Amino acid sequence: MNPRYKIPRSVLVVIHTPDLQVLMMERAGWKDFWQSVTGSVADESEPLRDTAIREVREETGLDASRYDLRDWGIENSFEIFKRHRSRYAPGVTHNLERVFGMEVPAPIEVALDPAEHLSYRWLPYREAAALTLSWTNRDAILLLPTKRPSGAG
């Protein structure tokens with residue numbers, strides 16, 4: 001595969017607090033598109049956990065190895081937004097995404113990459129789910145009560 005093309009394999013990392021506040025970030029170049037941490041593998045051999053750790057660091061400045069990062073064992077196949085298809089090899093229309101969760105003790109300040117995100121908010125999980133246009137992100141956020149490590153509630 002031509003290295004200039006993105007690999008259609010990615011991670012979604014829902015960063016949240018024990019009381020289910022979720023970090024949402026507004027995408028640069030797409031006004032009002034709010035999302036959790038997402039990103040593609042750097043190459044075919046990069047383990048998905050490593051991708052998640054790298055993307056959390058790149059998008060938020062947080063070191064995911066300091067927190068409880070969990071692979072939820074969920075994979076979603078979705079159609080790549082038409083506006084982003086040129087980033088992929090010709091004919092690639094779908095992406096396979098692995099879902100992770102990462103619990104932090106409380107809403108914390110993050111350092112956004114301005115090339116990727118304009119702003120961020122911590123929101124109660126239902127509000128966060130309603131804010132995103134991505135069905136995979138919404139569905140993952142709505143699973144938080146059953147997936148969080150604290151398990152309370």
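Looking at the structure I just gave you, is Glu59 acidic (Asp, Glu) and surrounded by 12 or more Cβ atoms within 10 Å (Cβ to Cβ)?
yes
How many of the residues in the stretch 82-124 are part of a strand (DSSP E or B) and either closer than 17 Å to Arg4 by Cα or of a type in the set (A, V, I, L, M, F, W, C) (or both)?
Summing the residues that are part of a strand (DSSP E or B) and either closer than 17 Å to Arg4 by Cα or of a type in the set (A, V, I, L, M, F, W, C) (or both) in the stretch 82-124 gives 9.
Within the set of pairs 6+ apart or on separate chains, which have a first residue in the stretch 129-144 that is without any contact (Cβ under 8 Å) to a residue 12 or more places away in the chain, a second that is open to solvent by less than 80 Å² (accessible area, probe 1.4 Å), and C-beta atoms under 7 Å apart?
Final answer for the pair search is Arg138/Ala129; Arg138/Thr132.
Among the numbered criteria (1) open to solvent by 40 Å² or more (accessible area, probe 1.4 Å); (2) farther than 21 Å from Arg138 by Cβ, which single criterion is violated by Arg83?
Going through (1) open to solvent by 40 Å² or more (accessible area, probe 1.4 Å); (2) farther than 21 Å from Arg138 by Cβ one by one, Arg83 breaks only (2).
If you take the residues in the stretch 125-150 that are of a type in the set (A, V, I, L, M) and surrounded by fewer than 19 Cβ atoms within 10 Å (Cβ to Cβ), which one is farthest from Pro105 (Cα to Cα)?
Leu133
Need the failing condition index for Met24 against (1) touching a helix residue (DSSP H, G or I) at 6+ places or on another chain (Cβ under 9 Å); (2) part of a loop (DSSP other than H, G, I, E, B), just the number.
Result: Met24 passes all but (2).
Which members of the stretch 86-124 meet the condition of being of a type in the set (Ser, Thr, Tyr) and either without any contact (Cβ under 8 Å) to a residue 24 or more places away in the chain or open to solvent by 30 Å² or more (accessible area, probe 1.4 Å) (or both)?
Correct list: Ser86, Thr93, Ser119, Tyr120.
Given the residues Ser40, Ser45, Ser65, Ser86, which is the only one that is touching a Ser or Thr at 6+ places or on another chain (Cβ under 8 Å) and among the polar types (S, T, N, Q)?
That would be Ser40, the only listed residue that is touching a Ser or Thr at 6+ places or on another chain (Cβ under 8 Å) and among the polar types (S, T, N, Q).
Rundown of residues vs (1) at pLDDT below 95; (2) more than 13 Å from the chain's Cα centre (by Cα), yes/no style:
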position: Pro114; (1), (2): yes, yes
position: Arg121; (1), (2): no, yes
position: Tyr125; (1), (2): no, yes
position: Leu131; (1), (2): no, yes
position: Ser134; (1), (2): yes, no
position: Arg138; (1), (2): no, no
position: Leu144; (1), (2): no, yes
position: Ser150; (1), (2): yes, yes
position: Gly153; (1), (2): yes, yes
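Just need a number here: residues in the stretch 33-59 that are over 18 Å from Leu96 (Cα atoms) and in contact (Cβ under 8 Å) with a residue 60 or more places away in the chain.
Going through the stretch 33-59 one residue at a time, the tally reaches 2.
Name the residue that is nearest to Leu133 (Cα to Cα), counting only residues in the stretch 61-86 that are touching a strand residue (DSSP E or B) at 6+ places or on another chain (Cβ under 7 Å) and among the charged types (D, E, K, R).
Selected residue: Glu79.
Between Asp19, Asp32, Asp43, Asp71, which is surrounded by fewer than 18 Cβ atoms within 10 Å (Cβ to Cβ) and not in a loop (DSSP other than H, G, I, E, B)?
Result: Asp71 is the single residue among Asp19, Asp32, Asp43, Asp71 that is surrounded by fewer than 18 Cβ atoms within 10 Å (Cβ to Cβ) and not in a loop (DSSP other than H, G, I, E, B).
The values are calculated or read from the model by the stated rules, or taken from the named source; none is laboratory data. The shown structure was predicted, so the numbers you read here are calculated from the model rather than taken from an experiment. All Cβ positions, glycine included, derive from the backbone under ideal geometry; neighbour counts span all protein chains shown. We work out accessible area using only protein heavy atoms, side chains counted, and drop any ligands, DNA or RNA first. Shrake-Rupley method; radii C 1.70, N 1.55, O 1.52, S 1.80 Å.
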